[in-house]
Amino acid sequence: MNRLVLSLAAAAIVSTASFGGAQAATKLKFAHVYETSEPYHKRALEAAEEIKKQTNGRYEIEVFPASSLGKESDINEGLGLGTVDIIYTGALFAGRFYGPIAISGAPFMFRDLNHWKSYAASDLFGELSEGYRKKTGHTVLALTYYGERHVTSNKPILKPEDMKNLKIRVPDAPLYRMFPEAVGANPTPIAFAEVYLALQQGVADAQENPLPTIQAKKFYEVQKHINLTGHITDALLTIVSGTRWDSMKPEDQKIFASVLKEAAAKATADIVESEQKLADWFVKEGVTVNKVDRGPFREAVVKLHNGPSATWDKATYDKLQALK
């Protein structure tokens with residue numbers, strides 16, 4: 001009888017331990033504002049599966065797309081509030097918390113994609129990421145190419161003068177105002193999830209985003225022209241909250257860093273490939289794609305790079321421009 005009781009007790013302990021093990025996974029929230037059809041979401045889902053696999057189920061990541069956990073400013077704040085654990089965000093949003101890191105999101109800051117790639121692999125990016133960590137406590141793990149941002153509108157935009165008094169939607173981060181203000185337009189901050197309706201209803205006359213985003217968000221349905229201004233070579237930071245990162249064992253930190261960097265590299269390749277094809281796709285959809293002489297737009301903006309709106313110092317600017 002005693003042996004039976006002991007056997008049952010042992011079984012109960014094993015059962016409880018097994019149940020506890022099943023419940024031991026740490027659940028994380030990965031939030032972003034992009035559509036499920038976009039490479040960022042696809043690669044985030046893959047990363048979540050890979051992290052679960054490599055940590056033997058110690059971490060389970062649920063990815064929340066399309067502003068389902070809030071607009072971009074909300075999820076940035078959520079890192080500190082503990083409502084999200086990992087986010088994709090533009091450098092200009094991160095720049096609200098640590099100004100110098102915003103430099104990569106400023107208009108005409110990069111000469112071309114290769115210049116951006118040099119920055120992404122540079123010590124300068126590492127230094128700025130570390131500055132952000134010291135200021136916020138959060139860790140930047142990767143940089144994903146977002147694409148060249150172009151202006152969409154219902155009239156051709158071929159020269160800076162064509163943008164005078166144009167109500168153009170911009171993301172709600174101050175430095176996104178630099179380009180439109182330099183060419184005489186009226187920047188109108190509107191949350192990403194509300195842009196389609198704003199364009200449809202005439203709340204804004206125009207918006208600016210890379211070609212893959214214009215396709216995914218269907219802005220071409222409510223705008224007749226895509227004007228290839230290429231005014232920002234944009235990118236997304238992958239950031240993990242400081243509280244979550246600091247709670248991880250070093251071996252798990254290595255896994256997160258490796259997997260999320262690989263996801264960023266894959267999404268970057270996806271976007272580069274997509275950009276090369278999309279101009280023709282838009283033309284087939286009946287949209288007018290206007291090639292633009294970027295020189296005059298660049299001239300209007302570059303003089304502001306180290307002006308009162310700059311959140312970086314001249315030394316940081318010079319380092320970035322010196323990258324080959």
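Of all residues in region 108-144, which are in contact with a Pro (Cβ under 9 Å, 6 or more places away or on another chain) and closer than 23 Å to H231 by Cα?
L128, T144
What do you reckon, is L79 open to solvent by less than 10 Å² (accessible area, probe 1.4 Å) and either touching a His at 6+ places or on another chain (Cβ under 6 Å) or more than 27 Å from L304 (Cβ to Cβ) (or both)? First the steps, then the outcome.
On the way: open to solvent by less than 10 Å² (accessible area, probe 1.4 Å): yes; either touching a His at 6+ places or on another chain (Cβ under 6 Å) or more than 27 Å from L304 (Cβ to Cβ) (or both): yes.
Yes: the conditions hold for L79.
Being out of contact with any Ser or Thr (no Cβ under 7 Å at 6 or more places or on another chain) and charged (D, E, K, R) is the filter here; which residues of region 189-207 pass it?
E194
Condition test on T36, is it within 30 Å of L175 (Cα to Cα), at pLDDT 95 or above, out of contact with any Ser or Thr (no Cβ under 6 Å at 6 or more places or on another chain) and open to solvent by 70 Å² or more (accessible area, probe 1.4 Å)?
yes
Of all residues in region 233-267, which are assigned to a helix (DSSP H, G or I), of a type in the set (V, I, T) and either without any contact (Cβ under 8 Å) to a residue 60 or more places away in the chain or touching a helix residue (DSSP H, G or I) at 6+ places or on another chain (Cβ under 8 Å) (or both)?
Within region 233-267, I255, V259 meet the criteria.
Of all the residues that make up region 187-224, how many are open to solvent by 30 Å² or more (accessible area, probe 1.4 Å) and either among the aliphatic types (A, V, I, L, M) or part of a strand (DSSP E or B) (or both)?
Total meeting the criteria: 5.
Which of the residues that make up region 52-76 are out of contact with any Lys or Arg (no Cβ under 9 Å at 6 or more places or on another chain), part of a helix (DSSP H, G or I) and either open to solvent by 40 Å² or more (accessible area, probe 1.4 Å) or of a type outside the set (D, E, K, R) (or both)?
The answer is K53, Q54, D74, I75.
What number of residues in region 297-323 are within 25 Å of Y132 (Cα to Cα), among the acidic types (D, E) and without any contact (Cβ under 8 Å) to a residue 24 or more places away in the chain?
Qualifying residue count, region 297-323: 1.
Could you tell me which numbered condition L141 fails, if it satisfies all but one of (1) outside any strand (DSSP E or B); (2) more than 21 Å from L211 (Cβ to Cβ)?
Of (1) outside any strand (DSSP E or B); (2) more than 21 Å from L211 (Cβ to Cβ), only one is false for L141: (1).
For residues that are small (G, A, S) and over 25 Å from the mean Cα position of the chain (by Cα), scanning just region 274-306, find the one that is surrounded by the most Cβ atoms within 10 Å (Cβ to Cβ). Quick ask: steps written out before the conclusion?
As a first pass, look at region 274-306 and keep what is small (G, A, S): 274, 279, 286, 295, 300.
Add one more test, that the residue is over 25 Å from the mean Cα position of the chain (by Cα), and what stays is 286, 295, 300.
On the way: G286: 8, G295: 9, A300: 19.
For region 274-306, the residue satisfying everything is A300.
Let me spell it out: the conditions are (1) closer than 30 Å to L81 by Cα; (2) open to solvent by 30 Å² or more (accessible area, probe 1.4 Å), and L236 meets all of them except one. Which number is the exception?
(2)
Does region 114-130 contain at least one residue that is open to solvent by 10 Å² or more (accessible area, probe 1.4 Å), more than 25 Å from A44 (Cβ to Cβ), of a type outside the set (K, R) and not in a helix (DSSP H, G or I)?
Looking through region 114-130, none of the residues is open to solvent by 10 Å² or more (accessible area, probe 1.4 Å), more than 25 Å from A44 (Cβ to Cβ), of a type outside the set (K, R) and not in a helix (DSSP H, G or I).
Conditions (1) over 16 Å from the mean Cα position of the chain (by Cα); (2) under 25 Å from T136 (Cβ atoms); (3) of a type in the set (A, V, I, L, M), marked per residue:
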| site | (1), (2), (3) |
| --- | --- |
| A44 | no, yes, yes |
| E50 | yes, no, no |
| Q54 | yes, no, no |
| G70 | no, yes, no |
| G82 | yes, yes, no |
| I103 | no, yes, yes |
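If D172 satisfies every condition in (1) among the charged types (D, E, K, R); (2) modelled with pLDDT of 95 or more; (3) open to solvent by 10 Å² or more (accessible area, probe 1.4 Å) but one, which is the exception?
(2)
The values are calculated or read from the model by the stated rules, or taken from the named source; none is laboratory data. Bear in mind the structure is a predicted one, so any value in this text is a computation, not a measurement. All Cβ positions, even for glycine, are placed from backbone atoms using ideal geometry, and neighbour counts span all protein chains on display. Just so you know, the surface numbers come from the protein's heavy atoms only, side chains and all, with ligands and any DNA or RNA stripped out. Shrake-Rupley method; radii C 1.70, N 1.55, O 1.52, S 1.80 Å.
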